1. Using only Cα positions of the stretch 54-146, each an equal point scatterer, no hydration layer, compute I(q)/I(0) via Debye at q = 0.17, 0.19, 0.23 Å⁻¹ and quote the log10 values to two decimals.
2. Ranked highest first by the average count of other Cβ atoms within 10 Å around their residues, in what order do 153-159, 134-140 fall?
3. May I have the extent of the alpha carbons of the chain along their three principal axes, as whole Å values ordered from largest to smallest?
4. What residues have an amide H closer than 5 Å to that of Leu226, excluding those fewer than 5 places away on the same chain, when H is modeled at 1.01 Å from N in the peptide plane?
5. Determine the percent antiparallel among the DSSP beta bridges restricted to the chain, to the nearest 5.
6. Can you compute the FRET efficiency between Leu52 and Lys3 using 1/(1 + (r/R0)^6), with r the Cβ-Cβ distance and R0 = 45 Å? Round to the nearest 0.05.
7. Could you tell me which GluC sites (Glu not before Pro) in the stretch 33-137 are loop residues by DSSP with no more than 11 other beta carbons within 10 angstrom of their beta carbon?
8. Would you kindly calculate the mean projected area, averaged across all directions, of the convex hull enclosing the Cα atoms of the stretch 183-244, in square nanometres?
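A short reminder: the numbers here are calculations on the coordinates, not readings from a lab. Every value quoted in this text rests on a predicted model; they were computed, and no experiment measured them. As a convention, Cβ positions derive from the backbone with ideal geometry for all residues, glycine included, and neighbour counts pool all protein chains shown.
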Amino acid sequence: MSKRQNIRKAIIVGVSFTFPITIAFMSPAMPIIYGFFGIFVGANIMFLLHFLLSLFLGRAFCGFVCPGGGLSECLMRISDNGLKDKDKKLRKVKYIIWALLVAGTVVSFVWAGGISEVDFLAGLEDGWIFLFAPYRYAIYFGVLFGLLVSQLLLGKRGFCQCFCWIAPFMIIGTKISDWLRLPRLRLKSNQDSCNGCNLCSKKCPMSLDVKTMVVTSNMKNLDCILCGECADICPKKSISYTFRK
């Protein structure tokens, strides 16, 4: 494993230990629940931040500092199979969940007559640690169980690929970034140096056909999390990072 991947995995696995705190700011339910009271909560702010950062960093959050992604990478020791072709249609499910989240949030604020308050810690009056309230243990361990089952049934990062409601915020951000021709963190390829070994595709945690992306010189894929696994496993260094339009 390359030094860069050692550092990346140390960061993302380390961040995964913050999940008892950050789970509240990733919740799809809290924006809707508190929206009926006109409160713009921490999760709303974080979703907006994900969108804004993706304009320049794409989905690098998923590859480097996502707590859920860190947990998924830990689970790769249990199952590191890729997403099967028959299951790839499940990637659309995350857009359905995202649409329900956005629609529910809008409806709740309309019901409340608009945003009357911004409270980053709404719902966490008993402390930043989500698990300070005992009833939340069921929610927390339910999420962990969902990550585990997704990994076992669908393969590595199965939850991230198919069910993550945060991903569409960043996917929309990357599409807008390209439309506006903003400079953004990307991967680029050198098809002439590729020897077709397919190690990049096998190593990709998002089960992408990276080899085809390389030989066609089209590294743009909305499911790419810019983790750099493909770049660091390539013996010919045919893949590298760039920051450009």
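1. -1.28, -1.41, -1.35
2. Result, highest mean first: 153-159, 134-140.
3. 58, 41, 34
4. none
5. Numbers: 6 of 9 bridges.
The antiparallel fraction comes to roughly 65 percent.
6. Between Leu52 and Lys3 the formula returns 0.90.
7. When the GluC sites (Glu not before Pro) of the stretch 33-137 are filtered for loop state and at most 11 Cβ neighbours within 10 Å, Glu125 remain.
8. 3.6 nm²
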